[in-house]
Amino acid sequence: MRGIVCRGLRLKFVAGLGIAMAAATLPVCAATAHGIATETSLAVETHDLSSGTQATFSITVLGEDGLPAKGAVSINDHGAPIAGIALNSEGQATSVLNLIAGSHTITAAYMGDSTHKASSSVSSDVQALTGGTPNFAVSVNPAAVSLTAGQSGTVITSVTPVNSGGLSSPMFITLSCSGLPDQSSCTFTPETVEILPGATAPITSSMVLETQAGSTASAAPVARPASNSVAWALLLPGALGLGGLAWGGRRNPFLSRLTLLALLALVTMLGATACNPRYYYYNHGPPPTLPTPSGIYTLIVTAQSSNGVTAITNYTNMVMTVK
């Protein structure tokens, strides 16, 4: 929706009369953008597994102009975020998650962008079955973060036990993430969480997302180390010996070929030394720092446990926007 601000008549001085007359002019109008309203739709498809229920969430966000929106969507359960995902060029996104046993009220909340307003879908009720196999579910809060290159952000990752009463010993779960852009990283504290037999409360871990600011100027070259006397002790006699071979090679064809081979080896060694990273570092300084590329990225947060025979892997999504 756009609001129009206009100014009407203006005074005009008539030359020679010294009076001011009201002159009709074209309105001076300025359009101020307030954002395009959006509509978010959510479709949920469930599939029962031995350990619970797997749900596929299909999301579409369109502007009131009929064009697809862009940005991040948070998938919420009873109002709390459990996952986030970025919309594609058609304003659509799909996420597959495992739900813990019980009733769930799922909504998709579009977070808006510079030209689109936020909106939320109609809620969908899902009843997840209770399985007999020990398992767990993983979720993130918040489901999306926005960072300027060089900043860091913290996301709380929660691991919720499922059927932990069937455990005969603690279950250890390792957390990791993927889908990061270049020049960025993620760190979990702790990286491994523990589910005790019979536990029901979620276990949390802090995930820190790090981005890198760029620099265009190289640092000044560092001071070169003192010359190595051992290197000179080897290089000087070698150079003299090479000269002797060259002198003797004028009369002996074998020595001539040997001189050429030795000269080729020396040139190769000097060339490799001048082009290696150490040489570049001492003569040009450290290279410029590259920034984390701007964009909207869907990250995959993975939680994996193994008892030595079988592995249990669950995951969720989140969105990182780099400005």
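The values are calculated or read from the model by the stated rules, or taken from the named source; none is laboratory data. This structure is a prediction, so every number in the text was calculated from the model and none was measured. Reconstructed Cβ throughout: ideal geometry from the backbone, glycine too, with neighbour counts over all protein chains shown.
Do we have any residue at all in the range 17-34 that's out of contact with any helix residue (DSSP H, G or I) (no Cβ under 8 Å at 6 or more places or on another chain) and at pLDDT 50 or above?
Within the range 17-34, one or more residues are out of contact with any helix residue (DSSP H, G or I) (no Cβ under 8 Å at 6 or more places or on another chain) and at pLDDT 50 or above.
I need a count of the residues in the range 81-137 that are aliphatic (A, V, I, L, M), within 29 Å of the chain's Cα centre (by Cα) and assigned to a loop (DSSP other than H, G, I, E, B).
Total meeting the criteria: 4.
If I ask for residues that are hydroxyl-bearing (S, T, Y) and in contact with a strand residue (DSSP E or B) (Cβ under 8 Å, 6 or more places away or on another chain), which ones from the range 36-50 would you list?
T38, T40, S41, T46
Determine if the range 44-58 includes at least one residue that is within 16 Å of G112 (Cα to Cα), in contact (Cβ under 8 Å) with a residue 12 or more places away in the chain and in a strand (DSSP E or B).
No, every residue in the range 44-58 fails to be within 16 Å of G112 (Cα to Cα), in contact (Cβ under 8 Å) with a residue 12 or more places away in the chain and in a strand (DSSP E or B).
Filter the range 68-80 down to the residues that are assigned to a loop (DSSP other than H, G, I, E, B) and surrounded by 14 or more Cβ atoms within 10 Å (Cβ to Cβ), then identify the one that is nearest to the chain's Cα centre (by Cα).
Across the range 68-80, the extreme among qualifying residues is G71.
Give me the residue from the range 184-202 that is over 23 Å from Q151 (Cβ atoms) and under 24 Å from the mean Cα position of the chain (by Cα) and, out of that set, surrounded by the most Cβ atoms within 10 Å (Cβ to Cβ).
So in the range 184-202, the residues over 23 Å from Q151 (Cβ atoms) come out as 190, 192-202.
Imposing the further condition that a residue be under 24 Å from the mean Cα position of the chain (by Cα) reduces the set to 190, 192-193.
Working: P190: 12, T192: 11, V193: 22.
Selected residue: V193.
Can you tell me which of V155, V159 is at pLDDT 95 or above, β-branched (V, I, T) and over 22 Å from G131 (Cα atoms)?
V155
Right, A118: touching a Phe, Trp or Tyr at 6+ places or on another chain (Cβ under 9 Å), surrounded by fewer than 20 Cβ atoms within 10 Å (Cβ to Cβ), modelled with pLDDT of 80 or more and of a type outside the set (K, R) or not?
The answer is yes for A118.
Would you call T160 assigned to a strand (DSSP E or B) and β-branched (V, I, T)?
So T160 fits the description; yes.
Which of (1) under 16 Å from V319 (Cβ atoms); (2) among the hydroxyl-bearing types (S, T, Y); (3) not assigned by TED's automatic domain parsing to the domain that holds K323 is the odd one out, the single condition S184 does not satisfy?
It fails just one condition, (3).
From the list V193, V155, pick out the single residue that is more than 28 Å from S41 (Cβ to Cβ), in a strand (DSSP E or B) and touching a strand residue (DSSP E or B) at 6+ places or on another chain (Cβ under 7 Å).
Of the residues listed, the single one that is more than 28 Å from S41 (Cβ to Cβ), in a strand (DSSP E or B) and touching a strand residue (DSSP E or B) at 6+ places or on another chain (Cβ under 7 Å) is V193.
Being crowded, with 20+ Cβ neighbours inside 10 Å and farther than 27 Å from H78 by Cα is the filter here; which residues of the range 130-183 pass it?
Across the range 130-183, the qualifying residue is only M171.
Confirm whether S124 is closer than 22 Å to V44 by Cα, without any contact (Cβ under 8 Å) to a residue 40 or more places away in the chain, surrounded by fewer than 20 Cβ atoms within 10 Å (Cβ to Cβ) and assigned by TED's automatic domain parsing to the domain that holds L49.
For S124, the condition - closer than 22 Å to V44 by Cα, without any contact (Cβ under 8 Å) to a residue 40 or more places away in the chain, surrounded by fewer than 20 Cβ atoms within 10 Å (Cβ to Cβ) and assigned by TED's automatic domain parsing to the domain that holds L49 - is not met.
One line per residue, one yes/no per condition, for (1) modelled with pLDDT under 85; (2) farther than 16 Å from V126 by Cβ; (3) not assigned by TED's automatic domain parsing to the domain that holds N314:
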| site | (1), (2), (3) |
| --- | --- |
| E45 | no, no, yes |
| L49 | yes, no, yes |
| A69 | no, yes, yes |
| V73 | no, yes, yes |
| G84 | no, yes, yes |
| S95 | no, no, yes |
